[in-house]
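Enquirer: Structure incoming, see below.
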Amino acid sequence: MIAEDAEGRRVLVWMVRAVGIVWLLGVLVVAVGTAAPRLPVIGFLGSFVTGQYPLHAALAAVLGIGLGAAGWALGARDGAVVAVIALIAAVALVAVFGAQTRGVRIDWWAALTVVGQPDGHPDRTEQYAVDELGRPLHLDLYRPAGPGPHPVLVWVHGGSWVRGERDDRTALNRWLADRGHAVVAVEYRLPPPAPVGEGQRRDVAAAAAWAVAHAAEEDLDPGRIVLAGQSAGATLALSTTAGLLAGELPGPRPRAVVAYYPVTDLRLVDRSLQDAVLGGRAAQRPAQTRAGSPVDLVRPDLPPTLLVLGAADHFVLPDRVRTYDRALRAAGVPGRLVEVPHADHVFDFPFGSPGAQATRPQVAAFLDEHVGVRTP
């Protein structure tokens, strides 16, 4: 019996020790990747996790402390090492969480539990156009409560121009509607066939025109249109705005633009994406490339533009967005750049993520300033 008890204890110690070490390695990958986001693979993993789930990462490190302490208490001499290293990682990850939420009141429970986009339940879905193959294109309308006329934010989803859904930020759309902004979330044409670049911009402009045409029946203000989007959708929002101002696209002049981590130059995207968007290489399609690249479309009469960026973005390199922001401000375009520390691409997809919670009030304040809806 004593021998069996001893063997059972050895197995328990081995299991706790093994789990603690493996757990610690996972925590270290996140912590090291967060500290050094340009490291291959590890840097992406770290910034992705801490961009969307920093509280979960910090809690995982705290659990690592417990596993190490448990191993040490059971006689595993390396348990103390595991606990100490996990403690250092926990401190670092808590610091990341603090950097992302500095000066902003955060709902901690939402940060822990709201890990996607809860359904915002649009109030109306309408077909607004067809693509070149006759396939219907739809939009979702999120209406504010109370009397209007309401300003309109046209939301353009991401997906590298070749995929994505109009409900990709449905909870954000409802959040904005609850604060007085009607939101039109756009479905635009996707390949095949290609090229889709000009067609996609025309779709976004057509959705904005739909809001103007239906302003009276939907209690919308046709003079307060905002274009907004994320990733490729942000690029479309920016390039469509320039096309509307230049008279190259039919539709209303936007009063403001909100762009989450936009691609600023189509010359720098993958060649397969150049083929899908431009119908060939960027170097062979200079006019189409310029029409779709915000960096080529900077002009003094652009509307106020808010850029939102994860400081560790691996898909849209931050320095390129910062350079674009500087070009806008040098041209006299009002607005600013908001950065979320240690965050990667699509950091805002979890509605409860600290980055999403921290940037939403800044977006609301920007809209309040430029289209007149006051935040609660």
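Enquirer: Are any residues in region 240-266 assigned to a helix (DSSP H, G or I) and within 17 Å of His314 (Cα to Cα), and if so, which ones? Don't jump to the end; show me each part of the working.
Expert: Taking region 240-266 and keeping what is assigned to a helix (DSSP H, G or I), we get 240-245, 266.
Listed by number, the list holds a single entry, Leu266.
Enquirer: Considering only residues that are part of a loop (DSSP other than H, G, I, E, B) and touching an Asp or Glu at 6+ places or on another chain (Cβ under 6 Å), look in region 165-213 and name the one that is farthest from His121 (Cα to Cα). Reasoning before the result, please.
Expert: The initial filter retains those residues of region 165-213 that are part of a loop (DSSP other than H, G, I, E, B), namely 165-169, 178-181, 187-196.
Then keep just the ones that are touching an Asp or Glu at 6+ places or on another chain (Cβ under 6 Å); that gives 166, 188-189.
Working: Arg166: 12, Tyr188: 20, Arg189: 23 Å.
Filtering region 165-213 for residues that are part of a loop (DSSP other than H, G, I, E, B) and touching an Asp or Glu at 6+ places or on another chain (Cβ under 6 Å), the one farthest from His121 (Cα to Cα) comes out as Arg189.
Enquirer: Still on this model: Return the total of residues in region 282-295 being of a type outside the set (Ser, Thr, Tyr), open to solvent by less than 20 Å² (accessible area, probe 1.4 Å) and over 20 Å from Val226 (Cα atoms).
Expert: First, the residues of region 282-295 that are of a type outside the set (Ser, Thr, Tyr): 282-288, 290-292, 294-295.
Then keep just the ones that are open to solvent by less than 20 Å² (accessible area, probe 1.4 Å); that gives 282, 292, 294.
Pick out the ones that are also over 20 Å from Val226 (Cα atoms) and you get 282.
Within region 282-295, residues that are of a type outside the set (Ser, Thr, Tyr), open to solvent by less than 20 Å² (accessible area, probe 1.4 Å) and over 20 Å from Val226 (Cα atoms) number 1.
Enquirer: Yes or no: Gly233 in contact with a Gly (Cβ under 6 Å, 6 or more places away or on another chain), under 28 Å from Asp313 (Cα atoms), buried (at least 22 other Cβ atoms within 10 Å of the Cβ) and not hydroxyl-bearing (Ser, Thr, Tyr)?
Expert: Details: in contact with a Gly (Cβ under 6 Å, 6 or more places away or on another chain): yes; under 28 Å from Asp313 (Cα atoms): yes; buried (at least 22 other Cβ atoms within 10 Å of the Cβ): yes; not hydroxyl-bearing (Ser, Thr, Tyr): yes.
Taking the combined requirement at face value, the residue satisfies it.
Enquirer: Would you point out the residue of region 186-199, among those that are open to solvent by less than 40 Å² (accessible area, probe 1.4 Å) and either of a type in the set (A, V, I, L, M) or in contact (Cβ under 8 Å) with a residue 60 or more places away in the chain (or both), that is nearest to Gly229 (Cα to Cα)? Let's see the steps before the verdict.
Expert: Step one: list which residues in region 186-199 are open to solvent by less than 40 Å² (accessible area, probe 1.4 Å), which gives 186, 188-189, 191, 196-197, 199.
Filter again for either of a type in the set (A, V, I, L, M) or in contact (Cβ under 8 Å) with a residue 60 or more places away in the chain (or both), leaving 186, 191, 196-197, 199.
Working: Val186: 10, Pro191: 19, Val196: 17, Gly197: 16, Gly199: 17 Å.
Looking at residues that are open to solvent by less than 40 Å² (accessible area, probe 1.4 Å) and either of a type in the set (A, V, I, L, M) or in contact (Cβ under 8 Å) with a residue 60 or more places away in the chain (or both), I get Val186.
Enquirer: In region 243-269, what residues are touching a residue at least 24 places away in the same chain (Cβ under 8 Å), open to solvent by 10 Å² or more (accessible area, probe 1.4 Å) and small (Gly, Ala, Ser)?
Expert: Of everything in region 243-269, just one residue is touching a residue at least 24 places away in the same chain (Cβ under 8 Å), open to solvent by 10 Å² or more (accessible area, probe 1.4 Å) and small (Gly, Ala, Ser), namely Gly251.
Enquirer: Would you be able to say whether some residue in region 165-178 is more than 18 Å from Phe349 (Cα to Cα) and in contact with a helix residue (DSSP H, G or I) (Cβ under 6 Å, 6 or more places away or on another chain)?
Expert: Within region 165-178 (the criterion being more than 18 Å from Phe349 (Cα to Cα) and in contact with a helix residue (DSSP H, G or I) (Cβ under 6 Å, 6 or more places away or on another chain)), the answer is no, since none of the residues qualifies.
Enquirer: Within the set of pairs 6 or more residues apart or between chains, which connect a residue that is within 17 Å of Gly120 (Cβ to Cβ) inside region 349-376 to a residue that is at pLDDT 95 or above and of a type in the set (S, T, N, Q) with Cβ atoms less than 7 Å apart?
Expert: From residues that are within 17 Å of Gly120 (Cβ to Cβ), the pairs are Phe349/Gln52; Phe349/Gln117; Pro350/Gln52; Phe351/Gln117; Gly352/Thr113; Ser353/Gln52.
Enquirer: Hey, another quick one. For residues that are among the aromatic types (Phe, Trp, Tyr) and open to solvent by less than 10 Å² (accessible area, probe 1.4 Å), tally how many sit in region 162-185. Working first, answer last.
Expert: The first filter runs over region 162-185 and keeps only residues among the aromatic types (Phe, Trp, Tyr), leaving 175.
Now drop any that are not open to solvent by less than 10 Å² (accessible area, probe 1.4 Å), which leaves none.
Summing the residues that are among the aromatic types (Phe, Trp, Tyr) and open to solvent by less than 10 Å² (accessible area, probe 1.4 Å) in region 162-185 gives 0.
Enquirer: Turning to a different aspect of this structure: Six or more apart or on different chains, Cβ under 9 Å: which pairs go from a residue in region 81-96 that's under 18 Å from Gln52 (Cβ atoms) to one that's hydroxyl-bearing (Ser, Thr, Tyr)? Could you list them?
Expert: Pairs found: Ala92/Thr34; Leu93/Thr34; Leu93/Thr50; Val96/Thr34; Val96/Thr50.
Enquirer: Considering only residues that are of a type in the set (S, T, N, Q) and without any contact (Cβ under 8 Å) to a residue 12 or more places away in the chain, which ones fall in region 275-305?
Expert: We begin by selecting, within region 275-305, every residue of a type in the set (S, T, N, Q); these are 284, 288-289, 293, 305.
Matches in region 275-305: Gln284 only.
Enquirer: Of the residues Val115, Val130, Val94, which single one is open to solvent by 60 Å² or more (accessible area, probe 1.4 Å), within 23 Å of Gly26 (Cα to Cα) and over 20 Å from the mean Cα position of the chain (by Cα)? If you could, list the steps in order and put the result at the bottom.
Expert: Numbers: Val115 fails: over 20 Å from the mean Cα position of the chain (by Cα); Val130 fails: within 23 Å of Gly26 (Cα to Cα).
Checking each option against the conditions leaves just Val94.
Enquirer: Also, quick follow-up: Go through region 133-144 and give me each residue that's buried (at least 20 other Cβ atoms within 10 Å of the Cβ) and either without any contact (Cβ under 8 Å) to a residue 60 or more places away in the chain or polar (S, T, N, Q) (or both).
Expert: Asp140, Tyr142, Pro144 - these are the residues of region 133-144 that are buried (at least 20 other Cβ atoms within 10 Å of the Cβ) and either without any contact (Cβ under 8 Å) to a residue 60 or more places away in the chain or polar (S, T, N, Q) (or both).
Enquirer: Looking at region 363-373, is at least one residue modelled with pLDDT under 95 and part of a loop (DSSP other than H, G, I, E, B)?
Expert: yes
Enquirer: Let me ask you something else. Since Ala206 meets every condition but one in (1) open to solvent by 10 Å² or more (accessible area, probe 1.4 Å); (2) farther than 20 Å from Ala291 by Cα, which condition does it not meet?
Expert: Of (1) open to solvent by 10 Å² or more (accessible area, probe 1.4 Å); (2) farther than 20 Å from Ala291 by Cα, only one is false for Ala206: (2).
Enquirer: Which one of Val321, Val298, Val346 is within 27 Å of Gly197 (Cβ to Cβ), β-branched (Val, Ile, Thr) and either open to solvent by less than 30 Å² (accessible area, probe 1.4 Å) or part of a helix (DSSP H, G or I) (or both)? Don't jump to the end; show me each part of the working.
Expert: Values: Val298 fails: either open to solvent by less than 30 Å² (accessible area, probe 1.4 Å) or part of a helix (DSSP H, G or I) (or both); Val346 fails: either open to solvent by less than 30 Å² (accessible area, probe 1.4 Å) or part of a helix (DSSP H, G or I) (or both).
Being within 27 Å of Gly197 (Cβ to Cβ), β-branched (Val, Ile, Thr) and either open to solvent by less than 30 Å² (accessible area, probe 1.4 Å) or part of a helix (DSSP H, G or I) (or both) holds for just one of Val321, Val298, Val346, which is Val321.
Rundown of residues vs (1) under 24 Å from Ala343 (Cα atoms); (2) aromatic (Phe, Trp, Tyr); (3) at pLDDT below 95, yes/no style:
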| residue | (1), (2), (3) |
| --- | --- |
| Ile65 | no, no, yes |
| Gly68 | no, no, yes |
| Val81 | no, no, yes |
| Ala86 | yes, no, yes |
| His121 | no, no, no |
| His138 | no, no, no |
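Enquirer: So, one more: Looking at region 324-343 only, could you name the residues that are open to solvent by less than 10 Å² (accessible area, probe 1.4 Å), in a loop (DSSP other than H, G, I, E, B) and without any contact (Cβ under 8 Å) to a residue 60 or more places away in the chain?
Expert: If the condition is that a residue be open to solvent by less than 10 Å² (accessible area, probe 1.4 Å), in a loop (DSSP other than H, G, I, E, B) and without any contact (Cβ under 8 Å) to a residue 60 or more places away in the chain, then Val333 is the only one that fits.
The values are calculated or read from the model by the stated rules, or taken from the named source; none is laboratory data. As the structure is a computational prediction, the values presented were derived from the model and not from experiment. Neighbour counts are summed over all protein chains in view; Cβ atoms, including those assigned to glycine, are modelled from backbone coordinates with ideal geometry. Heads up: the accessible areas ignore ligands, DNA and RNA and are worked out on the full protein's heavy atoms, side chains in. Shrake-Rupley method; radii C 1.70, N 1.55, O 1.52, S 1.80 Å.
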